Amino acid sequence: MGIQARAVVLLSGGLDSATALAIAGEQRFECYALSVDYGQRHAAELEAARRVALASGAREHRIMHVDLAGIGGSALTDRAIAVPESPTEGIPVTYVPARNTIMLALALAWAEVLDARDLFIGVNVLDSSGYPDCRPEFIAAFGRVAQLATRAGVEGKPCRIHTPLIGWSKAEIVREGTRLKVDYRQTVSCYQADAEGRACGRCDACRLRRAGFIAAGVPDPTRYQDV
């Protein structure tokens with residue numbers, strides 16, 4: 001058996017990234033999970049990321065720190081901005097400026113050090129709440145940046161960015177993760193989860209997650225604050 005190819009997988013601790021990590025594992029990558037503590041109010045997801053990485057058998061799990069709360073501009077990093085509890089038009093206030101650009105850059109840097117040629121990110125355009133950095137156009141553009149701005153890219157060994165969930169509904173993601181035996185009880189998706197990781201059941205992330213389990217016909221294992 002040859003040397004197993006390495007992949008850096010961005011792991012938030014939520015449903016989507018846990019599924020992307022499982023997919024990378026099924027594709028026989030040696031997975032290096034990367035989480036980012038960016039000052040998010042739902043910090044319980046970082047503990048969830050630790051649980052998911054451990055359960056997945058990831059080769060290594062790192063948490064990097066970036067002070068996006070110092071920049072502000074998002075309900076996820078500024079507690080003075082309320083998290084919406086009903087659908088909104090356009091790009092919501094839960095959008096974090098340049099978050100996926102920054103996270104992919106960190107993953108790309110670690111991949112260079114690891115001599116990894118593959119990055120996984122669990123973005124999806126159908127259930128992305130209108131976030132501009134979840135679109136295929138953005139991923140393609142960042143792939144071009146990776147080719148131009150890294151030694152690996154200049155030397156003809158650019159990183160490939162995998163977005164296995166990008167065109168899937170939340171129900172399709174849940175079904176695939178269930179097939180791969182992802183334990184969704186370990187994940188946290190809620191934008192305002194409490195310290196124990198219990199979900200509010202009202203924010204956009206909770207609504208999408210709950211609807212996904214219902215549409216998939218899979219029991220929802222999420223722990224809610226009112227239960």
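Values in this text are rule-based calculations from the coordinates and carry no lab data. In this text the structure is predicted, and so the values were computed from the model without any measurement. Please note: Cβ atoms are built from the backbone with ideal geometry, for glycine as well, and neighbour counts cover all protein chains shown.
With contacts taken as Cα pairs under 8 Å at a separation of at least 6 residues, the chain carries a relative contact order of 23 percent. Net charge of the neighbourhood of LEU21, taken over other residues with C-beta under 13 Å away and scored Lys/Arg +1, Asp/Glu -1, is -3. Report, in whole Å, the centroid distance computed from the Cα atoms of segment 150-189 and segment 32-63. Between the Cα centre of segment 150-189 and that of segment 32-63, the gap is 15 Å. The H on the amide N of ASP118, modeled in the peptide plane, is under 5 Å from the matching H of VAL8, ARG160, each at least 5 residues off or on a different chain. With 10 Å bins beginning at zero, the pair-distance distribution over Cα atoms of segment 117-227 amounts to 14, 36, 29, 16, 5, 0 %.
For the chain, the alpha-carbon radius of gyration amounts to 0.97 times the rule-of-thumb value 2.2 N^0.38 Å expected for a compact globular protein. For segment 32-95, the Kirkwood hydrodynamic radius comes to 13.2 Å, computed from all pairs of different C-alpha atoms.
Given springs between every Cα pair under 10 Å in a Gaussian network model of the chain, which of GLU47, GLU89, GLU196 has the largest fluctuation? Maximum fluctuation in the GNM of the chain, among the listed residues, is at GLU89. For the peptides 173-183, 9-19, the ranking by mean Cβ contacts within 10 Å, running from highest to lowest, is 9-19, 173-183.
Label separation (GLN147 vs SER86): 4.7 nm, computed from points 7 Å beyond Cα along the C-beta direction.
Derived scalar couplings between HN and Hα for segment 188-201 equal 10, 10, 4, 6, 9, 4, 7, 4, 8, x, 7, 7, 6, x Hz in order, rounded to whole Hz, by the Karplus curve 6.51 cos²θ - 1.76 cosθ + 1.60 (θ = phi - 60°), x for Gly and Pro. Highest mean packing comes first when the peptides 30-38, 54-62 are listed by Cβ atoms within 10 Å, giving 30-38, 54-62. Which one of ALA109, ILE71, VAL83 has its Cα pushed farthest toward the positive end of the charge dipole of the chain, where Lys and Arg give +1 and Asp and Glu give -1 at the Cβ? My answer, from the dipole projection, is ALA109.
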